[in-house]
Each structure stands twice: as C-alpha cells, then as structure tokens.
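Engineer: Encoded as structure tokens, here's the structure I'll be asking about.
Readers should treat all values here as calculations from the given coordinates under stated rules, not as data from a laboratory. What you see is a predicted model; the values in this text were computed from it and never measured. Ideal geometry is used to build each Cβ from the backbone, glycine not excepted, and the neighbour counts take in all protein chains shown.
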Amino acid sequence: MGKYILKRLLLLIPVVIGITFFIYLIMSVAPGDPARLILGENATAEEIAAKRLELGLDDPLIVRYINYMAGVLHGDLGFSWYSGYDVMQEFLSRLPNTVTLGLLSNLITICIGIPLGILAAQHQYGPIDYTTLVIAMLFSSMPAFWFGLMAQIYLSINLKWFPATGAGDLYHFILPAITLSTGGLAGQVRLTRTSILEVNKLDYVRTARSKGCSENQIVMHHVLRNALLPVITSIGGHFATILGGAIVTESVFAIPGVASLMINAVKVRDVPVVMGVIVFISVFVGVVNLLVDLCYAAVDPRVKLTA
C-alpha cells in the first residue's frame, strides 16, 4: 500500500508539469499584451517596455516557465500582475470558502442521490422509479445560474430562509451548496440506479434471493457494496472539479472563492494568479483520484493495489 501511494505521488509530478506548462503556453500566446492591459490604453511605449522588463516578459517562454516553477518549489507563487497581492495568501484566504461549498455539495449529493437511486432500483418501472427519474431529469436540465437565481428570489428574498449572498458562516453556504449539487445529484441518482440494476442480474444475487433473503438484506449485504465502485468514481470526480467548477455558483451568490479568483484573473491575463490556482487544482485532482483508488480497495477486496 505504501509503495503504491508513493508511486502515484511521484507520477503526479510529470502530470503537474505537463498541465502547468500547457496553461502557461496558452496564457503566453493569447492575443494582447499583459503590460498594456495592466497600464491601460493611454500608456506610452516606454512605460510598456519598462513594465514588460519588470515582469520578465521579454525572456524566452521556457526561461519564464522554469523561473516560475522554481519559485513554486520554494512556496512562492508570485504576486498578482494586476492587483499586486500575494497569490499564495489570496488563494489560502479563499480556499476555505470553496472547500466548504464543495463538501456541503457532495454531502447533499451522497445523502440524497444514493438513497434515491437505491429506492428507484428497488421499485423498477413503478411509480416511485418514474417519479425519481423525472425529478432527476428536471434537476439535470436546470442551468445552475437559473436555479441559483430562482432560489435567491423565493427562498432568500421572499421567504427569508437563507442569506442571498456572502460567505459569513456555514448558514450562507446552504443555498449555494444546494444549487451546486443539483446537476451532480441527478447524475448520482441515475448512476446508482443503473449500477444496482446491473448487479441485481448477477448469479450470486439470484442465489441469495432463491434462499429466501429479504430484499433489504440482498441490497445491503450483496448488491450495494459491489455496485458502489462506479458511484465512488462519480463522487470523486465531482469533488475533484469543485475547485475550478464552482464559478457560476460563486458568482451568483457572491462567494469569494477560488473559482471566482481564477476566472477574474483569466479576464485580465493575470498569469501568476491563474498559474497558482492551476498548480493547486492539478495536485488536488491527483490526490482525489488516489483517494478514490484507495476507496476501491476498501469497498471491494477483489481490487488489488499493486506498486
């Protein structure tokens, strides 16, 4: 187990290098001059040249990338070209908001999506099954920004149940988490239902049923554990994309999170901010994928982790 974890962590290094270099290349060759964007259209040619020299934009691309990654290895993500703040400090100040939003969103998806999927599979082609699938389809078809705005209007403004914006305490994250979980919740219901129905067709399930086991015993002791592997993959994939995938939700509810930090930096080509966020996202996704593989081994003994 230890060798496997070490191997996966070492394999994460070239992945991070490849992703960060690709993003750095895209940001560097994109149209527009970052120095002119920072100084404005009224800046003189001498001011722009001085700013390019200050930012190191006159150096070759590979030299700039190596210098940046050398700083990353020392824990220095640089300073924002546009606003001047320390990227590491700004990222760490926003990270708790995004992580809280992601954890609550996944908790809602797991606690509601999996039981509804099990319920739908147990009552296949019945009223409960059809009702569950219709609700799941409605949730999956609703754009996050529309659902968030409607939730703000009815639950925050009209009924005053939840705060409409901000990230003051945990109570502020309930409505955004519900909004962010709608798409994942619908997919989780369908995936759990499909996975359970597939396992239900296997021989050992039919044998348990022929021995007189109750349906609840069959689902809990024979079906659910073997049907959890694709469900775990879905949960891990959803959580892995939280850092960069909550842009719409954070914008609608005015949450100062990592996703909104990155999208604002992309608009002004603030390379240090974008790269800092990408580095963290790359490592985070790799670690989440590793945890998913370890969960595989814990849930299903047939899955072996080899170094």
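Engineer: Which of the lysines could be linked to Lys201 by a straight reach, that is with a Cα gap under 26 Å, when you skip same-chain ones fewer than 8 residues away?
Structural biologist: Cross-link targets: Lys211, Lys304.
Engineer: I would also like to ask the following. Give the angle, between 0 and 90 degrees and rounded to the nearest 10, that separates the Cα long axis of helix 127-141 from the longest principal axis of the Cα atoms of the chain.
Structural biologist: 10 degrees
Engineer: Give me Phe162, Phe239 sorted ascending by neighbouring Cβ count inside 10 Å, so fewest comes first.
Structural biologist: Phe162, Phe239
Engineer: With an 8 Å Cα cut-off and a minimum separation of 6 or more residues, compute the relative contact order for the chain in percent. Mind dumping the intermediate values first?
Structural biologist: Details: 325 pairs, mean separation 83.7, N = 307.
Relative contact order for the chain comes out at 27 percent.
Engineer: A further question follows. Report ³J(HN,Hα) in whole Hz for each residue of the range 217-230, in order, from the Karplus equation J = 6.51 cos²θ - 1.76 cosθ + 1.60 where θ = phi - 60°; Gly and Pro get x.
Structural biologist: 5, 5, 5, 6, 9, 10, 8, 4, 4, 6, 8, 7, 4, x
Engineer: Mind checking Rg over Rh on the chain, alpha carbons, Kirkwood formula for Rh? Walk me through the numbers on the way to the answer.
Structural biologist: On the way: Rg = 23.9 Å, Rh = 22.3 Å.
Radius of gyration relative to Kirkwood radius: 1.07.
Engineer: Can you run phi through the Karplus equation (6.51, -1.76, 1.60; θ = phi - 60°) for the range 255-264 and list ³J(HN,Hα) in whole Hz, with x for Gly and Pro?
Structural biologist: Result, ordered by residue: 9, x, x, 5, 4, 5, 4, 5, 5, 5 Hz.
Engineer: To continue, here is another question. What is the angle, in °, between the Cα long axis of helix 61-73 and the longest principal axis of the Cα atoms in the chain? Nearest 10 is fine, range 0 to 90.
Structural biologist: The answer is roughly 60 degrees.
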